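In what follows, a structure is listed as structure tokens, so that the remarks can point back to it.
Any read-out appearing in this document is the output of simple, stated calculations on the displayed coordinates, not a laboratory observation. Computed from a prediction, not measured in an experiment: that's the story for all the values here. Note that we place each Cβ from the backbone using ideal geometry, even for glycine, and neighbour counts take in every protein chain shown.
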Amino acid sequence: MKQYETMYIIKSGLDDAARNALIEEMHGIITNHGGSIDNVDDWGMKDFAYEIDGMTKGYYVVVTYTVDVEGLNEFNRLMRINGDVVRLLTISEDEKKSGK
């Protein structure tokens with residue numbers, strides 16, 4: 001298992017309950033594949049540098065987790081097809097440390 005960090009943006013139109021349920025659901029994908037959530041950092045609502053699909057702001061979340069490749073692939077797949085997730089970026093902690 002390797003450690004990864006994912007930053008993702010959730011649509012600003014979701015209310016708190018729906019946003020929290022989405023975050024729990026997405027993080028549950030990792031734990032269901034035998035991984036662990038190491039840290040969750042809610043950045044909150046931020047303005048975009050440019051408009052994305054008619055939106056000017058979104059809710060940013062950064063999560064650090066440990067999971068195998070199968071769990072990582074499933075997490076990324078489900079995040080990409082979820083209509084409430086605007087963008088996401090995943091890097092391995094090895095890449096982060098090496099600066100690549």
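A few comments on the model shown:
- In the set (i) 13.5, 38; (ii) 22.7, 64; (iii) 14.3, 46, the label that goes with Rg and Dmax of the Cα atoms in Å computed for this structure is (i).
- Taking the C-alpha atoms only, the angle from helix 69-81 to the longest principal axis of the chain is near 10 degrees.
- For the stretch 22-33, putting each phi into the Karplus relation 6.51 cos²θ - 1.76 cosθ + 1.60 with θ = phi - 60° gives couplings of 5, 4, 4, 5, 5, 5, x, 4, 5, 5, 5, 9 Hz, in residue order, rounded to whole numbers and with x for Gly and Pro.
- Relative contact order [Cα under 8 Å, 6+ residues apart], the chain, whole percent: 45
- Residues Arg19, Arg77, Arg87, sorted so that the one with the fewest Cβ neighbours within 10 Å comes first: Arg77, Arg87, Arg19
- Taken over the chain, lysine pairs spaced eight or more positions apart, or on distinct chains, with alpha carbons under 27 Å apart number 11.
- Full-extension gain in nm, Ser36 to Met1, via 0.36 nm per residue minus C-alpha separation: 11.6 nm
- With the helix formula -39500 (n - 2.57) applied to DSSP H stretches of n ≥ 4, the chain reaches a computed 222 nm mean residue ellipticity of -11000 deg cm²/dmol.
- Once backbone amide H atoms are built at 1.01 Å from N, Phe48 has Lys57, Gly58 as its partners under 5 Å, excluding neighbours fewer than 5 places away on the same chain.
- Taken along the Cα-to-beta-carbon direction at a fixed 7 Å, the label points for Val62 and Lys46 span 0.8 nm.
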